[in-house]
Structure formats: C-alpha cells, structure tokens
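> Sharing a structure, written as structure tokens. Questions coming.
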Amino acid sequence: MASTGPQTTRADGSSLTAILLERLHWRYAVKKFDPARKIPAAEWQALETALVLSPSSFGLQPWRFIVVSDPRVREQLRAVSSNQAQVVDASHLVAFAIKKDLNAADVERYVQRIAQVRGVNVESLASYKKVMTHFVGQAAQGFDINAWSARQLYLAFGFFMTAAAVLGIDTCPMEGIDPPGYDRVLGLDKIGYHTLAAAAAGYRSADDKYAVLPKVRYAPEEVITHVG
C-alpha cells in the first residue's frame, strides 16, 4: 500500500499547517542570544539529523557541517566573524563548508554508499554514475563545480534553520565572517573543504529588541506568480 504521508493534525487537534506558519513568523535572525540556555541533547541530535537529511542535487552531498563546542575555538572564530557575539553566546555553532573541487572520486564514493544502503550491485548504478561523473567533470566547458556545490550547501543551510524554527530553537545565519579564517581555525584548508557561512543556534535573549520588530516582507502578489 502506498504511503499516505505524515498526519497533518496532531493528537491534540492542532493543525501542523498552523504550527508551521506560526513557527516561520516567530523565527528571525537573532542578534542577542541567552548564553545561559542550552539546547537539550535530544533536540540538538534532531537538528544534526536534519542536516544529514538535507536535499542536494543527485544526492551528492558536497558538504561538511562542523559543530563547534570548544569555547576556546569559538573565541578564535569570533575574531574572524566581525566580532559578532552570537558566535560565543549561542548554545551551538555550526560552520557550513563545501567539499572543494568535487570530482569523479567523490561520485565513486557516493555510488558505493548507494549500493551499501539500498542493497544493490554497484554495476546496476553504472548509468547513474556515468551521468554524475560527466556532470562534475565539466570544468573544461567553464562549469564551476564549487559554485554548484555552494548552491547545494545553501539548501542545507535553509533546511537547518527551518527545522530549528519548527522545534522552537532560534538561529542566526552568518555570512559576515572571514571564510579563510574559519578554514584556518578549523583545519578545513588541510582536508579539502571551504567554509561559506555559519549558523548560531540557541535561544533569544529576553532583551533582544529585534525579537518584537514586525517582519518586513513584500506582499505575496509581488513575489509569487501563478501560471495556469
């Protein structure tokens, strides 16, 4: 029997649609975290699982997510994050990095993983492997594989923040950082990865004035077009 999908109404009668919309309206880029509040272990594990389950083209997952817990390392990262306090005050900090220069070896690794998880022969994946290998090998035609990987990474970035909002966990997406500085502090430059952004996660401070400001968004008709 085909799956009918998850239930859209909770046991208490509340609509998941209403909950989702409430959470999305509640979410904002936190400017001031409460350093005394920590994300419970089970909820953080759920967010790490959300990162693992993030979508990517072909399913290639050209990324790594670095969860930074060491206070000393976070102080070093603050120095290369325009001195933003969120880096050290938030409960958790995640650096989002791409796998640089994705290539045929990465495709082979992924094909091996498909065979392992789905219990199929590698040979049965030959056509899919050929398509992916051709795709990642288009540098001679001017294709920028790192730019493509960056687009995939931002899918995971948004996925993470949305999952956090659903759980009632605050986030602050951060691009005002020095990516090479992050690579240096985290040792990513030595293993073929490159930081693009970071996300602080935790709980807003009671005196963060930005929490009560109305969201400023264009009207739906200005950004959504219906065809047909």
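Every number in this text was worked out from the coordinates using simple rules, so none of it is lab data. Predicted, not measured: the structure shown is a model, and the values here were computed from it. Methodologically, a virtual Cβ is constructed for each residue, glycine included, from the backbone with ideal geometry; neighbour enumeration extends over all protein chains shown.
> Calculate how many DSSP beta bridges within the chain are antiparallel, expressed in % of all such bridges and rounded to the nearest 5.
Within the chain, antiparallel bridges account for around 95 percent of the total.
> Just to be sure I follow: if Rg is taken over the C-alpha atoms of region 129-228 and Rh is the Kirkwood radius over the same atoms, what is Rg/Rh?
Using only Cα positions, Rg/Rh for region 129-228 is 1.08.
> Follow-up. Report the gain in length on full extension from residue 24 to residue 135: 0.36 nm times residue separation, minus Cα-Cα distance, nm rounded to one decimal.
Result for the pair: 36.4 nm of gain on full extension.
> Please report the base-10 log of the normalised intensity I(q)/I(0) for region 19-106, using a Debye sum with one equal scatterer per alpha carbon and no solvent, at each q in 0.11, 0.16, 0.18, 0.25 (1/Å).
-0.43, -0.87, -1.03, -1.32
> Convex hull volume of the Cα atoms in the chain, per residue, in Å³?
About 216 Å³ per residue, rounded to a whole number.
> Turning to a different aspect of this structure: Determine the principal axes of the Cα atoms in region 57-126, then give the extent along each, sorted from largest to smallest and rounded to whole angstroms.
That gives 51, 23, 19 Å along the principal axes, largest extent first.
> With 30 Å as the limit, write out which pairs from 190/215; 100/130; 129/190; 38/209 have Cα-Cα distances beyond it, or answer none.
Flagged as over cut-off: 190/215.
> Applying a 10 Å radius around every beta-carbon, put 142-155, 15-28 in order of their mean neighbour count, most first.
With the highest mean Cβ count within 10 Å placed first, the list reads 142-155, 15-28.
> Label residue 190 and residue 154 with points 7 Å out from Cα along Cα→Cβ: what is the distance between them in nm?
3.1 nm
> Which is farthest toward the positive dipole end of region 41-110 among 82, 66, 56, measuring Cα position about the Cα centre, with Cβ charges +1 (Lys, Arg) and -1 (Asp, Glu)?
The one lying farthest along the dipole's positive direction is 82.
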